[in-house]
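Below: the structure, in structure tokens.
The values are calculated or read from the model by the stated rules, or taken from the named source; none is laboratory data. Note that the coordinates shown come from a computational prediction; the quantities given were computed from them, not determined experimentally. Note that we place each Cβ from the backbone using ideal geometry, even for glycine, and neighbour counts take in every protein chain shown. Accessible surface is based on the protein model in full, side chains and every heavy atom, while ligands, DNA and RNA are left aside. Shrake-Rupley method; radii C 1.70, N 1.55, O 1.52, S 1.80 Å.
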Amino acid sequence: MADDHGQRPMTDAEIEAATLGAAQRVDGQVTLREYDPRWAGVYEREAASIGARLAEEGGAPGHRIEHVGSTAVPGLPAKPVIDMLLIVDDPGDEDGYVPALTAAGYAVAVREPEWYEHRVLRKRDLDPSAGSANLHVLPAGCPEVDRMLLFRDRLRRHTGDRELYARTKRGLARQEWKYLQNYADAKTEVVEEILARARLAG
């Protein structure tokens, strides 16, 4: 459950069922910040820490880590949360990577076995520029991996689509939401519009 989840809007029951502990409630507007160049450095630091821990534990051989979401796009406003993608062979095999990530300060927050075995691990008290990180875990070869990276790269390269997405985010952030996932789901239409152009562009 994250920005641009790529599914139909989730119901409250689905949001609560997928979340370990309490689902992320907003009960109001979503706070966005203007792009902070420190976010790239926070990602690099966290990616290095995760990679080192996995290497020490011998977990998730051949894994790959990517910076995704709005904090990965220079110039784009975002919630101060670093979204990362960890690509492994089998996210359902938590014993293969969760102990190493726990040692790096992450805790499992979301399990969605019916959706590509998606997991989210969360780390709090991250950095003055970004209070937390979400580490999405998806399998190699998963269509959602391609989708997330295509969307990120399109926004990095295409000023018009980046500005469109920024306007959409700001407009939706001013509305009232119960759960953070509701806000994320509301962006689906414009996300799909941008992805369609990215696919046509090749």
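Scanning region 118-176 for residues that are open to solvent by less than 30 Å² (accessible area, probe 1.4 Å), in contact with a helix residue (DSSP H, G or I) (Cβ under 8 Å, 6 or more places away or on another chain) and of a type in the set (S, T, N, Q) turns up just one, Ser129.
Where strands (runs of 3 or more DSSP E) fall entirely within region 110-202, those with at least 1 residues that are closer than 18 Å to His67 by Cβ are at 118-127, 130-139.
Taking the condition in a strand (DSSP E or B), acidic (Asp, Glu) and modelled with pLDDT under 95, does Asp83 pass? The answer is no for Asp83. None of Asp36, Asp3, Asp27 is modelled with pLDDT of 70 or more, charged (D, E, K, R) and closer than 15 Å to Trp177 by Cα except Asp27. Go through the residues of region 135-143 one by one and say whether even a single one is in contact with a Lys or Arg (Cβ under 9 Å, 6 or more places away or on another chain) and not aliphatic (A, V, I, L, M). Yes, region 135-143 has at least one match. Annotation: of all residues in region 72-110 being more than 14 Å from the chain's Cα centre (by Cα) and over 17 Å from Arg53 (Cβ atoms), the one that is most open to solvent (accessible area, probe 1.4 Å) is Asp89.
Once region 53-71 is narrowed to residues that are under 22 Å from Trp115 (Cβ atoms) and out of contact with any Asp or Glu (no Cβ under 6 Å at 6 or more places or on another chain), the residue that is most open to solvent (accessible area, probe 1.4 Å) is Arg64. With respect to (1) within 18 Å of Arg124 (Cβ to Cβ); (2) out of contact with any Leu (no Cβ under 6 Å at 6 or more places or on another chain), the lone exception for Met84 is condition (2).
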